[in-house]
Structures are given as C-alpha cells and as structure tokens.
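Chemist: Submitted below is the structure of interest, expressed as structure tokens.
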Amino acid sequence: MDKGIRLEDLKVGYGTSIVLNNVNIDILPGEIVCLIGANGAGKSTVLKTIVRQLKKLEGSIIIDGVNEANLREEDVAKSVSMVMTERIHPELMTCFEVVATGRYPYTGRLGFLSDEDKEAVNYAIDLVGARKIIDKDFSKISDGQKQRIMLARAICQDTGIMVLDEPTSFLDLQYKLDILKVIKKMAKEKNVAVLMSIHELEFVPAVADKVIGIAGDEVYVTGSPEEVLTGANLETMYKMTPGTGEIICSGLWNYSTSIRRLL
Amino acid sequence: MDSNKKRYKVCFLVMICALVIFFFVGMGVGSADISVVDISKSLINPGDVYMGRILLSIRLPRIIAAIVLGGALSVSGYLLQIFFGNPIAGPYVLGISSAAKLFVALSMVFLLGRGVMISSLVMVIAAFIGSIIAMAAVMALAQKVRNMSLLVVCGVMIGYICSAITEFVVTFADDTNIVNLHNWSLGSFSGINMEQVLVSSVIVIIAVICTFIFSKPIGAFQLGENYARNMGVNIKRIRIILILLSSILSATVTAFAGPISFVGIAVPHIMRMAMKTAKPVVMVPGCFLGGAIITLLCDCIARTAFAPTEISISAVTSVFLAPVVIYLLVARREVSRG
C-alpha cells in the first residue's frame, strides 16, 4: 500500500482501559469510510488515536506507507488533516484567519502566508461556500458556519487523508447536505482518503464506499453500506429490540435513496 | 486585511511617540525639574554639572528599567495567558511574582548574613527558581480546578502566603542592607543602578526576541493543543518554551523591581483591544511597547504624585489596571453564560 491509511490490529482506549480491540481498516485514496456505532462505542477514540490526541495502546497506524511511529508531528501534519467535535475558541480571529491556520505546515518561520498559501485558503473557502463570512469574527458565527470553516481549514491543509469526527452532527438538513457534498468532492476529485464517524445512518449509503460498524469492544462488521446496514446489524450495534431493526431499515433505505440523488 | 495592517502601523507609531514623550517627561520631572533642552544637552554632553548627575545616575537607569521591565512583564503575562488559554492570567495574580520575591528575599538574607555580596545575576536566578516553583504549583492546581476564576483566586492566595513569609523574613533580618528590601518588596524602581539595568536588559531582550521567533507555534497553540498538534506543533516543546520564557521574564522583573501588580494581566488585553488581533507576531512587540509605556507612566506618577514621598509602583498600577481586570472577569462571566 502506497497512499492512504491502514490501521493494523489497532487497540485504542484511555490509559489502561481498552475501548476497542483489533481495529483493521484500509482506506485508499478517493475512498470514504464511515464509522458507525452507538454513543460511547469508541468511534471518536479511534479517530483521536489516529491524530495523536490519544496514545495508541497496541498495533500500528500506517500513513502513506510509513508507520506513524516513525513520523514527526510536522510530517503527520502534511498527511492527515482533521475536523473534531471539540470546539475551538480562538480570540479575535476572523474566519479567514482560522481557515489559514490549515496552511501552518507550509508557511515559514513566522507563519506569513505566501501567495500560494492564500490561493489554497481561498480555494477551500469557495469550496465550502463560506466566501460571505470570511471577514467575520469566528466566535460570532453559527455552529453550522463554524463547521464549514473548520472543514475549509482541513481542506487547505492539503493532505491525502482526512479524519472527520461527526462532521454533520448538530447541523440542519441543508448544512448536512452541503458538508457531505464537499467531503464527497474531496474524495472523488482530489483523491483524498476520508475516515469519518457519523450518526445519521440515512446519509451513509449516499457517501460511504465502505462502512465499519462497531459493537461491543470490537469491529463488528465491515463492508459496503448494503452489507452493513441491515436490520440484524443495527439491532446488535444499537442494542435495539429484535424486529425493530428491520422496520428502521426499510424506511432508512427509502430516505437514503432520495438523499443520494441530492449528493 | 489591509485595514488591519494600517491599524497595526498606527498603533505602533502612536506607541513609539508616546514612549519618546514619556521618556523626556520622566527625565524632566522629579524633585528637581529639568527642561527638555537641558536633558538633551546633558545626554549629548554629560558634564560634571549637578543636573547631569541626577539625570545620568538616577533618572536614566530608572527610566530604562521601567521601559525594559515593564515590557518584560507584559510579554510574560501574554505568554501565561496563552499557556492557560485564558485572558485572566498574569505573573502577579497567579502568585508567580510573589514566589520570585520570596526566593530573592531568602537568598539575600541568607547570603548577606554570611557577608557575601549578591550579584544581579544571582538575584535573577533566585527569582527564576521561585517563579518555576510557583508555576509548578499553579499548573498542579490548574489540573484540579478547571474554572479559571478559581485558579486566579488560588494564585492570589499563593501570592499572599509568599508575601507574608517575605515580610516575616525581612522584618527579622538584622542586616542594614536588608532595610532596603522593604521598599523593593512592595515593588519599586527606585535605587536601581546602571549595572542592574544592563543585566536585566540583556536577559529581557534575549527572551523577548526568542518569544518573537516562536510566534508561529505560539499562534497555533491559541487554537488549542489538539489542533496545534495536528498543525505539526511539538506540544511538549512549546509548553516548556512558554513556561521558561514567561518565568524568565517575570523573574527578571521581580529580581530588580519587586512584584509589580496587574501590568502582566491587563496590558495584553488592552493591546488586544487596540490592535483587534491576538496574533503573536503583532502582539509580542505590541505588548512589550504597551507594557513599557504604562509602567514608565506609572513610575513617573509614583515618584512625583506625592513628592518628595515616593509611593510604590504597584499602588499606581493597581489603581489604573485593577479595574481592567475586574472588567475582564465580568465580561468573561457573560460569555460563559451566553
């Protein structure tokens, strides 16, 4: 494997308490992989481990063919960008400036933006449709707009791998569609490998090439959306009453067919 | 973007002018008033006149000290605010200045009692050790109390404990040299000599240049540790750099001028409001200049307001800057509510 990211027998958790065992995932350039599972199942834990917020307990993370353990922060920064659920509170920064922080790995000693950097920032801003708000104070815009800005920030970091933790949570329908459209575009046109966690299952078939379902303390099922989003699987993953999974699934597939037409 | 650059330029220009004006005001006012013309004359041609001696051996070192140390204090406060991710941090309110003061007092009493004269460098080192110990205590507390206002209260308490012990040590020390300690322990630029000014200037200038060089990772740190790491910042290293630089700066101030209240906490905030940015590339020189001007002004007031009696510089800075801190606390409360 050359580009993209591979997790091998990864064991993640906090300190000594293991949250998830034996995570094995390959994400190739151009692929979107969705991570699904109940609250607290360990989706964020996996993502945080990849971006080094948490120490991995065991196993290896291979980034663009190189074991992550041999990479310095600066190298990882040029390969993996992220949008996490954590809110940032920058003081007195305009949206443009927040997006521009994505160029950090490429700027010089004092962090001044070159013309090339500015071009990348502007490209990302236009891609997420945030042109109108670039001069506004980041702390004064809505959550949906913040999410767009954070996505633009990750995009202009210009990495081959994007890690997104619930990028669509707490947004209204149109914002969700807009954000997912951009993510899909990054994967298909810019050949980015995307790993994202998501709660809205109805959006999964429209964006995911592969789905990873977590249940208990391990990866329960891996495969195409059709293979993973079945009544039985949902019942196991979300601990639902037997029989309810089927009911949910029939509606879910109808809805997601409509969404797929919009994305 | 261009309007911002213009704003920075205007701010810096105004500050440089203010610094020059206050420099001459500071040279001129005092127990003996001296005109600007005479100041210029004696600066260019230091004669043996009485006036020239006052200017060069008393007022000039004092004014340079106020400029350099005031700037250092405010840059130190700015770094602490970034380290704790919070605008209500500063070397004084977190008890760091007072701990530095305690260590300087202890080492003075200990060494002078044995007939050893203390060099400026030893005082800085003692103050630095005190700063680092207080910093460690505050960091340990910060892990327990997430609430910043509470952390500030803890810091103020640490400050009180250190001040009380200092007072105790100074009162019971019998050496005549230590009598001077009383003035110093309240914060004062009086009696500072050219050698001390030289030592402190060298340390401060190196530390401030280092801070400026690290502007980029410091700026990234403002987005929180996690995003900074994702930008390629070595978090452990930048944390150590922030601690070392802020401690060296505040230790140098305390070693020579004692604890000066509220400059470190209030000036960075005033600069943020004036410049409308938090970018380190602008803020580091801005804070230095702003701190220098405000401290110089306060020192002028301290020695002229009730002349010939001098009041401590902290008395003056408190009157002007404590209200800014109160405003900060109140404004923050509203943010967290909304």
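The values are calculated or read from the model by the stated rules, or taken from the named source; none is laboratory data. On a predicted model such as this, the values are computed, not experimentally measured, just so you know. For neighbour counting, all protein chains shown are included, and Cβ atoms are generated from backbone atoms with ideal geometry for every residue, glycine included. SASA here: full protein model, heavy atoms, side chains in, ligands and nucleic acids out. Shrake-Rupley method; radii C 1.70, N 1.55, O 1.52, S 1.80 Å.
Chemist: On the given criteria, is B:Ile241 within 28 Å of A:Leu113 (Cβ to Cβ), among the hydrophobic types (A, V, I, L, M, F, W, C), away from chain A (no Cβ under 14 Å) and open to solvent by 10 Å² or more (accessible area, probe 1.4 Å)?
Modeler: Criteria met by B:Ile241.
Chemist: In the set A:Leu47, A:Leu28, which member is open to solvent by 60 Å² or more (accessible area, probe 1.4 Å) and within 15 Å of the chain's Cα centre (by Cα)?
Modeler: A:Leu28
Chemist: Let me ask something else about it. Could you grab me the full set of residues in the stretch B:204-232 that are open to solvent by less than 50 Å² (accessible area, probe 1.4 Å), more than 10 Å from chain A (Cβ to nearest Cβ) and more than 14 Å from B:Ile243 (Cβ to Cβ)?
Modeler: Within the stretch B:204-232, B:Val204, B:Val208 meet the criteria.
Chemist: Now a separate question. Check B:Ser57, B:Ser149, B:Ser119, B:Ser35 and return the single one that is surrounded by fewer than 24 Cβ atoms within 10 Å (Cβ to Cβ), under 30 Å from A:His89 (Cβ atoms) and either at pLDDT below 85 or among the aliphatic types (A, V, I, L, M) (or both).
Modeler: B:Ser149
Chemist: A further question on this structure: Considering only the stretch B:269-319, state which residues are open to solvent by less than 10 Å² (accessible area, probe 1.4 Å), within 24 Å of A:Glu91 (Cβ to Cβ) and either in a loop (DSSP other than H, G, I, E, B) or acidic (Asp, Glu) (or both).
Modeler: Within the stretch B:269-319, B:Thr277, B:Ala278 meet the criteria.
Chemist: Go through the stretch A:102-149 and count every residue that is more than 22 Å from B:Pro217 (Cβ to Cβ), open to solvent by less than 70 Å² (accessible area, probe 1.4 Å), of a type outside the set (A, V, I, L, M, F, W, C) and more than 10 Å from chain B (Cβ to nearest Cβ).
Modeler: So the answer is 8.
Chemist: Let me ask another. In the stretch B:10-29, which residue that is buried (at least 17 other Cβ atoms within 10 Å of the Cβ) and closer than 16 Å to B:Lys276 by Cα is nearest to the chain's Cα centre (by Cα)?
Modeler: B:Met15
Chemist: Could you list, in sequence order, all residues of the stretch A:78-99 that are at pLDDT below 95, open to solvent by less than 50 Å² (accessible area, probe 1.4 Å) and in contact with a Gly (Cβ under 9 Å, 6 or more places away or on another chain)?
Modeler: Selection gives A:Ile88, A:Pro90.
Chemist: Also, I was wondering about something else. Taking the condition of being outside any helix (DSSP H, G or I) and within 20 Å of the chain's Cα centre (by Cα), how many residues in the stretch A:221-263 meet it?
Modeler: Residues in the stretch A:221-263 being outside any helix (DSSP H, G or I) and within 20 Å of the chain's Cα centre (by Cα): 6 in total.
Chemist: In the stretch B:92-107, what residues are closer than 17 Å to B:Ile125 by Cβ and surrounded by 24 or more Cβ atoms within 10 Å (Cβ to Cβ)?
Modeler: Residues satisfying the conditions are B:Ile96, B:Ser97, B:Ala99, B:Ala100, B:Lys101, B:Leu102, B:Phe103, B:Val104, B:Ala105.
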